[in-house]
Amino acid sequence: MTNTSTILAELRLDGILCLTINRIAQLNALSIATMNELEMLLKQAQEEEQVRAILLTGAGEKAFVAGADIGEFTQLDASESRSFAQRGQRILRQLEAMSVPVLAAINGFALGGGCELALACHLRVASEKASLGLPEVKLGIIPGYGGTQRLTQLVGRGKALELMLTGNPVPAAEALRIGLVNHVVSADQLLPFSLGILQQIVARAPIALAKVIEAVAAAQDGNAEGYNVEARGFESCCHSADFREGVAAFLEKRPAAFDGR
Ligand code: COA
């Protein structure tokens with residue numbers, strides 16, 4: 001397993017593959033290239049017998065992943081926005097369907113697509129410095145990588161709606177309280193603690209682990225249409241003037257003024 005242009009890949013002797021999203025200047029935002037590289041690395045990991053578990057984290061001290069790359073949104077053709085969302089959904093489903101356990105070690109901001117990435121992992125451990133949220137409505141869009149579905153499944157309808165309608169992130173302690181993460185630890189313990197959990201898991205029977213993951217995924221499959229509703233909703237928002245205003249306001253570092261068009 002080798003590094004790509006935006007993701008560091010290290011396969012440890014204990015079989016844990018560490019994938020580190022590495023775009024520090026953009027707070028590890030998920031560019032189209034990063035998503036392509038993630039897809040390729042996951043495919044390789046699935047085929048590589050030595051990979052027994054995956055730890056996913058972000059480079060630097062500030063961010064896990066601060067979302068999809070908002071700079072690239074200025075080039076997003078609204079007519080292609082549904083397939084943009086569907087492609088992201090597919091890659092995160094590929095992640096969720098890995099036969100080895102995947103743990104998100106959330107070292108800082110996990111916002112938008114970054115939160116959705118963490119939600120698609122099987123386990124989430126957060127640093128006490130982390131904050132998590134789905135702030136898309138502040139940009140005039142909705143989560144498009146499965147966040148509307150997975151957040152609701154994980155924390156329930158009431159909290160999921162509050163997080164997605166306000167767009168406000170929650171600090172790590174609150175994320176733990178509502179079940180959005182499994183554990184919160186100090187920043188310096190994040191990687192040792194996360195590796196410790198995965199080391200326990202990789203000592204278990206691999207086939208049994210794969211079957212647990214598959215069976216738990218099947219518990220949610222009744223809602224497949226929800227992902228289509230999400231992708232169509234994302235597309236509608238991308239056709240709106242509010243979306244253009246939201247993206248421009250973020251890039252110009254000013255508050256957005258939405259008028260519902
Ligand atoms: N896409 C692209 N670039 C991003 C980004 C994203 N999602 N999030 C942050 N960046 C960039 C910023 O544009 C900035 O670049 P610059 O130094 O060239 O101006 C750099 O990362 C640092 O971010 P900045 O906003 O200056 O840091 P901050 O500490 O003031 O705020 C956040 C941190 C995470 C609160 C803020 O960056 C933010 O709100 N990001 C967007 C989160 C979001 O809406 N994600 C969902 C996208 S769908």
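For residue 72, which of the numbered conditions (1) in contact with a Phe, Trp or Tyr (Cβ under 9 Å, 6 or more places away or on another chain); (2) without any contact (Cβ under 8 Å) to a residue 60 or more places away in the chain fails to hold?
Of (1) in contact with a Phe, Trp or Tyr (Cβ under 9 Å, 6 or more places away or on another chain); (2) without any contact (Cβ under 8 Å) to a residue 60 or more places away in the chain, only one is false for residue 72: (1).
For a quick check of your reading of the model, give me the residue pairs whose first member lies in segment 238-259 and is closer than 18 Å to residue 144 by Cα and part of a helix (DSSP H, G or I), whose second is within 11 Å of the ligand (Cβ to nearest atom) and not hydrophobic (A, V, I, L, M, F, W, C), with beta-carbon atoms closer than 7 Å and at least 6 apart or on different chains.
242/140; 243/140; 246/138; 246/140; 247/74
Please verify whether residue 125 is more than 16 Å from the ligand (Cβ to nearest atom), part of a loop (DSSP other than H, G, I, E, B) and either of a type in the set (A, V, I, L, M) or under 24 Å from residue 22 (Cβ atoms) (or both), treating the condition exactly as stated.
The answer is no for residue 125.
Can you say whether residue 92 is closer than 19 Å to residue 226 by Cβ, more than 13 Å from the ligand (Cβ to nearest atom) and within 12 Å of the chain's Cα centre (by Cα), as far as the supplied structure shows?
yes
If a residue must be modelled with pLDDT of 95 or more and either more than 13 Å from the ligand (Cβ to nearest atom) or of a type in the set (A, V, I, L, M, F, W, C) (or both), how many such residues does segment 50-79 contain?
The number of residues fulfilling the criteria is 15.
The values are calculated or read from the model by the stated rules, or taken from the named source; none is laboratory data. Computed from a predicted model, the values in this text were never measured in an experiment. Glycine gets a Cβ as well: all are built from the backbone with ideal geometry, and neighbour counts include every protein chain shown.
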